[in-house]
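In what follows, a structure is listed as C-alpha cells, so that the remarks can point back to it.
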Amino acid sequence: MEQLSFTNYAVKDMVQMMEDKKDSMAKKSGYNPTGSLSLSYDVVDAKKKAANPTHGNTLEPSKRLEGEDIITSVEPSVINQEQKPTSAKFEFETCAASSERFTEELADRCKNDPKLDVKFLYNTRVKAVSTAQESERRKVTQLQTNKGVIDVKDAQVLVAAGAWTPHIAAMMGLYAPVYPLKGYAMSISANEALASNTMLTASDLPTRIVCDKYMFTSRLGDEVRITSIGEFSGWSTSPTASVEKEFRREAVRQFPLLESFIMQAKVKCGHRPYVSDGVLLLGRVQEFDNLLVSAGPGSNGWKLAMGSGSVVEMLVSGKTEDQISDELGFDARSFSPAGRVVDSPIFAKLCRARWGVSNEREHDFLRAKSK
C-alpha cells in the first residue's frame, strides 16, 4: 500500500512537469496522456471478466471494452491483427513518455544551468570503493575509477546504478538484492513509415499504449516504441538471437502492416532493476554514515524517478524518514534498505568472483604483497 501511495506521489510530480505549458519536457520526451489499452484474446477469460468486473482489475482507473467494434473504435490500429481481441481494459488516465529522451533532456538542463551546479563524469567506471570505520558505522572515503581517484571527503554517496547496483555494493562488502531483468526494445519512425509506404494510413499506427501479455507498444510523438521483457541472463545488454527472433515475430503479430519496418529495426536491450521483494530500495544504508541507495522500481520503471529524487534530496538535507513521511503522506521507512542491503563481506566476495567484477584494491594489495 505504501508503494502505491509513493507511486501516486511520484507520478503526479512527473505529470505536473509534463503538463506545464511553459516547460518543453512533454514535447522533448514524446509525452502521450491518451491512456493504455490492454488486449485479451481469450474468449473464456473475456466471459469471466464480463461476469465479474473486479476480476483482473488494477488500481488504475479503467473500463472494460467488449467486442471488436468497440475496441477498434478506441484504437483503430488493432483491426489489422489476424487474431482479433475479444476484450480489452482501457486505462484512460495512463500516460507514457520516452525515458531515454527524458533523461537526455534532464541531463542537458543540469549541465547547462550554472545554478544547479551539476557535474557529469562521462565514461567513468567505478573499479573499487574505499571505506573507513568511523565510530559505529563505516564511511565511504574514495572511489577508484578508470579515470583516477575521487576523494569523497564530506560528501554523501548515492548508489543509483540500476541493475548494476549490486556490483557497486559488493565492492563495499554489501549484498543488494537487485537482479537484471533484460528487456527488449525497438523504435520505428511513424513519419518515415507513412512516407515510405503509401498503403499505410495514420490509423494503422498505434495512437497510445497498446499491450497484451507479451508485448508493450507506446506512441511517443513520431516514435512507435515496441518493447517486451525477455529474460534473466546476467548483465549482458546484447540480444539473445532466439529471443530477438521471437520478439520480432510477436511485434509483427501485433502490428502486421509494420512487418518490413519491424524486421529492419535495431533491437536494443536494457535491464530493469528488479528487487527480490518487489519493493524499491530507497534510503540510507544503515551500516554507513554517508551512503544511500536508490534502485529497483522494476516494472514501475523511470516514472518513479522524480519522486525518488525528492526523497533522496530530503535525506541528504538532513531530514529523517519520519519527517519525510509526515511531509509527503506515505511511510518512507517502508522503502528503507535496512535489512535488505546487508553487510556480507564473504558473500560479496563470492558475488564479485561470480560476476567477474574486479576489485582493484584487492589486486593492488596482492601485487604489493608479492613484491
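Filter the chymotrypsin sites (Phe, Trp or Tyr not before Pro) in the stretch 245-290 down to the DSSP loop ones having no more than 14 other Cβ atoms within 10 Å, then list what survives.
Passing sites in the stretch 245-290 do not exist.
In vacuum, with every alpha carbon of the chain counted as one equal point scatterer, what does the Debye formula give for log10 I(q)/I(0) at q = 0.09, 0.13 Å⁻¹? Two decimals, please.
The computed values of log10 I(q)/I(0) come out as -0.62, -1.18.
If contacts are Cα pairs under 8 angstrom and at least 6 residues apart, what is the relative contact order of the chain in percent?
The normalised contact order for the chain reaches 20 percent.
Determine, at each q value in 0.16, 0.17, 0.29 (inverse angstroms), the log₁₀ of I(q)/I(0) that the Debye formula gives when each Cα of the stretch 274-324 is one equal point scatterer.
Debye curve over Cα of the stretch 274-324, log10 I(q)/I(0) at q = 0.16, 0.17, 0.29 Å⁻¹: -0.48, -0.53, -1.17.
Quick one: net charge of residue 298's neighbours, Cβ under 12 Å, K/R +1, D/E -1?
Its environment carries a net charge of +1.
Starting from the stretch 134-193, pick out the trypsin sites (Lys or Arg not before Pro) whose DSSP state is loop and whose Cβ has at most 16 other Cβ atoms within 10 Å.
Filter output for the stretch 134-193: 147, 153.
Scale the Cα Rg of the stretch 201-343 by the rule-of-thumb value 2.2 N^0.38 Å and send over the ratio, two decimals.
Normalised by 2.2 N^0.38 Å, the Cα Rg of the stretch 201-343 equals 1.37.
Show me, bin by bin at 10 Å from 0, the whole-percent P(r) of the stretch 179-227 based on Cα pairs.
Here the calculated profile for the stretch 179-227 is 24, 48, 22, 5, 1.
Once you have the Cα-Cα distance between residue 235 and residue 20, take 0.36 nm times their residue separation minus that, and quote the gain in nm to one decimal.
73.7 nm
Considering only protein heavy atoms and a 1.4 Å probe, what is the carbon-and-sulfur percentage of the accessible area of the stretch 73-213?
The computed percentage sits at 51.
Residue separation times 0.36 nm, minus the C-alpha to C-alpha distance between residue 69 and residue 250: what's the value?
Contour length minus the Cα-Cα distance gives 62.9 nm.
Given a Förster distance of 35 angstrom, what is the FRET efficiency for residue 222 paired with residue 242, based on the Cβ-Cβ distance and rounded to 0.05?
Computed FRET efficiency for residue 222 and residue 242 comes out at 0.70.
Tell me, in nm to one decimal, what length is gained between residue 105 and residue 317 on full extension, where the rule is 0.36 nm per residue of separation less the Cα-Cα distance?
Between residue 105 and residue 317, full extension yields an extra 73.8 nm.
Starting from the Kirkwood Rh over alpha-carbon pairs, what translational D in µm² s⁻¹ does the stretch 102-209 have by Stokes-Einstein at 25 °C and 0.890 mPa s?
The diffusion coefficient I find is 133 µm²/s.
As a check on your grasp of the helix formula, calculate [θ] at 222 nm for the chain: sum -39500 (n - 2.57) over DSSP H runs of n ≥ 4, divide by the residue count, round to the nearest 500.
So the calculated ellipticity at 222 nm is -10000 deg cm²/dmol.
Sort all Cα-Cα distances of the stretch 221-278 into consecutive 5 angstrom bins from zero, then give the percent of pairs in each bin up to the one containing the longest distance.
For the stretch 221-278, the pair-distance distribution reads 4, 15, 27, 22, 16, 10, 5, 2, 0.
Roughly how tilted is helix 345-355, in degrees to the nearest 10 and between 0 and 90, from the longest Cα axis of the chain?
50
Could you give the angle, 0 to 90 degrees to the nearest 10, between helix 241-254's Cα long axis and the longest principal axis of the Cα atoms of the chain?
40
Roughly speaking, what % of Cα-Cα pairs in the stretch 169-250 are separated by over 16 Å, rounded to a whole number?
63
Hey, can you rank 312-322, 117-127, 23-33 by average C-beta count inside 10 Å, highest first?
23-33, 312-322, 117-127
What are the extents of the Cα atoms of the stretch 57-140 along their three principal axes, in Å, largest first?
Extents along the principal axes, in whole Å: 66, 37, 26.
What spacing in nm lies between the two simple spin-label points modelled at residue 355 and residue 277, each 7 Å away from Cα in the Cβ direction?
Roughly 2.0 nm, to one decimal.
The values are calculated or read from the model by the stated rules, or taken from the named source; none is laboratory data. Nothing here was measured: the structure is a model prediction, and the numbers come from that model. Here Cβ is always computed from backbone atoms with ideal geometry, including for glycine, and neighbour counts include all displayed protein chains. Areas reflect the complete protein model, heavy atoms only, side chains present, ligands, DNA and RNA absent. Shrake-Rupley method; radii C 1.70, N 1.55, O 1.52, S 1.80 Å.
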